[in-house]
Structure formats: C-alpha cells, structure tokens
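Here's the structure, in structure tokens; my notes come after.
None of the figures in this text is laboratory data; all of them are computed from the coordinates on show. None of these values were measured; they are calculated from a predicted model. Here the Cβ positions follow ideal geometry from the backbone for every residue, glycine too, while neighbour counts run over all protein chains shown.
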C-alpha cells in the first residue's frame with residue numbers, strides 16, 4: 001500500500017475505537033440508570049404495601065388506655081344518669097351486666113370520656129341466649145332514651161341459642177342493622193371468651209372478631225346513608241350523626257361479661 005494511504009487507514013481505525021468506547025460507555029450508563037429507577041419504583045411499592053398492612057395500633061403514637069380497672073366502676077356512669085350503677089357488677093375482674101333492664105332501656109352504662117378516632121378492643125362472653133352490644137359516638141341527651149338511638153353498635157349476642165330467629169344484621173360482630181360479617185367470622189359459644197374490636201378512623205370503620213377483620217365500611221358514604229335512611233334507623237334521625245362521643249355497654253336484659261377493655265386514640 002502507499003505510505004499516505006496506510007496512515008489514513010490507521011487514523012480511521014483509531015477513530016472507530018474511540019467512537020466504539022464512547023457508545024459502550026453511554027449504553028452502560030443508560031442501563032444503570034434504568035436499573036436504579038426500577039429499584040426505586042419497587043421500593044416505593046413495597047413501602048406502600050407495608051403501610052397498607054400496618055395495624056392501626058402500630059401507626060398510632062398513643063399507648064392503649066384501659067377503660068376498666070377490673071375492680072371498680074371508675075370511668076363509667078349510667079347513661080343520662082349518675083355514677084350509682086346498680087345493673088352491673090364486678091366478678092373475677094370482669095364487668096358483668098346483670099340483665100335487669102327491660103326492652104334495652106335503663107341499664108346501659110357509658111364511659112366518662114369521649115372519643116373521636118379510636119381503636120377499641122375488649123373480651124366478651126355471653127350466657128346462653130344472651131344479647132348485648134358495644135356502642136360508640138354516644139351522646140347523652142334527654143331526647144335519646146337509649147345509646148342505640150345515636151351510637152352505632154357492635155352486636156354482642158348468642159347467635160345459636162338466642163330465643164328467636166336472627167337476621168344476619170342482628171348476629172354477633174355485625175354493625176347492627178347496617179353491615180353484616182364476612183366468612184372470616186369465627187364465634188366462640190356461650191361461656192367462652194371472644195375478643196371484639198372496633199376501629200374508627202376518620203370515617204373508615206372496621207369490626208374485628210377473634211383476630212379476624214369481619215366488617216369494613218365507610219361511615220357517612222352514599223352506601224352508608226342509603227342503609228341508614230331505608231332500614232331500621234330511618235325513624236332515628238340522630239343515629240350515626242355524631243362525630244365524637246362516649247363508649248356504651250348495653251344492658252338488654254341478659255347476663256353478659258366484659259373484660260380487658262382498652263382504647264387507643266388515633
């Protein structure tokens with residue numbers, strides 16, 4: 001080959017090597033950037049999933065507060081009344097409804113304090129055929145004859161031995177006359193303890209029974225309002241309207257036991 005031509009070929013080869021190296025480096029940079037973006041996206045989704053699965057007691061900064069000390073009626077009083085509680089007793093560190101009330105009026109007790117957003121849990125057991133309930137956002141006023149007229153209720157009842165046919169919305173764990181439990185519900189029989197739980201957080205409501213979430217709904221939603229205005233509560237204008245109120249335990253004329261009542265403010 002001619003000397004001039006050989007030098008020209010060498011320059012071309014060198015330029016090709018430089019361009020090749022630049023292109024390879026650019027591709028590696030793009031690939032690494034893509035991997036980092038993918039990793040960041042995956043991390044974000046994982047964090048979100050973990051947040052969704054967190055227990056409400058984990059995200060609260062408040063410690064659980066006991067509403068019953070196991071030995072006195074401190075923190076409780078008669079609904080629309082005083083602290084002279086006659087229809088309940090304390091037995092073996094349990095708060096016991098004696099069942100003296102007639103037609104679900106007159107024997108209910110309520111907490112001294114009010115709660116807005118909370119996580120409430122308790123143990124309960126019924127005697128055969130017994131009926132009771134736990135209510136929240138209860139407001140005391142002479143125009144309300146019983147807590148159920150204003151406060152939503154977690155139903156406490158003997159599903160099997162109750163003397164009468166029960167609708168699904170009347171059974172244990174239900175949001176009484178509103179929402180019914182799902183298939184995860186596992187109820188222990190009379191004489192055995194169950195653990196109930198209500199979570200209320202800015203309108204989002206959960207009912208739990210023995211460690212399983214059996215009901216979940218949004219208070220004051222279109223669905224909630226439809227059930228309220230078309231069902232049992234259509235004749236109770238105050239039902240479910242309070243955003244804050246007291247916790248109530250119902251005396252429905254039967255013997256029922258409660259213990260380990262704790263609440264977390266959310």
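Quick look at the values:
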| item | result |
| --- | --- |
| Pairwise label distance in nanometres, residue 236 with residue 114, each label 7 Å out on the Cα-Cβ vector | 1.9 |
| Residues in the range 112-148 that a label on residue 93 would reach, taking backbone N under 13 Å of a point 7 Å out along Cα→Cβ | 123 |
| Distance in nm between pseudo-label sites at residue 143 and residue 80 (7 Å out along the Cβ direction from Cα) | 1.2 |
| Shape call, the range 56-265: gyration tensor on alpha carbons, a/c limit 1.5 | rounded |
| Rounded, prolate or oblate (a/c below 1.5 giving rounded, otherwise prolate when a/b exceeds b/c) for the range 90-129 by Cα gyration tensor | oblate |
| Residues residue 265 and residue 166, FRET efficiency given R0 of 51 Å [Cβ-Cβ distance, rounded to 0.05] | 0.95 |
| Whole-angstrom gap from the range 75-111 to the range 151-171, using each part's C-alpha centre | 20 |
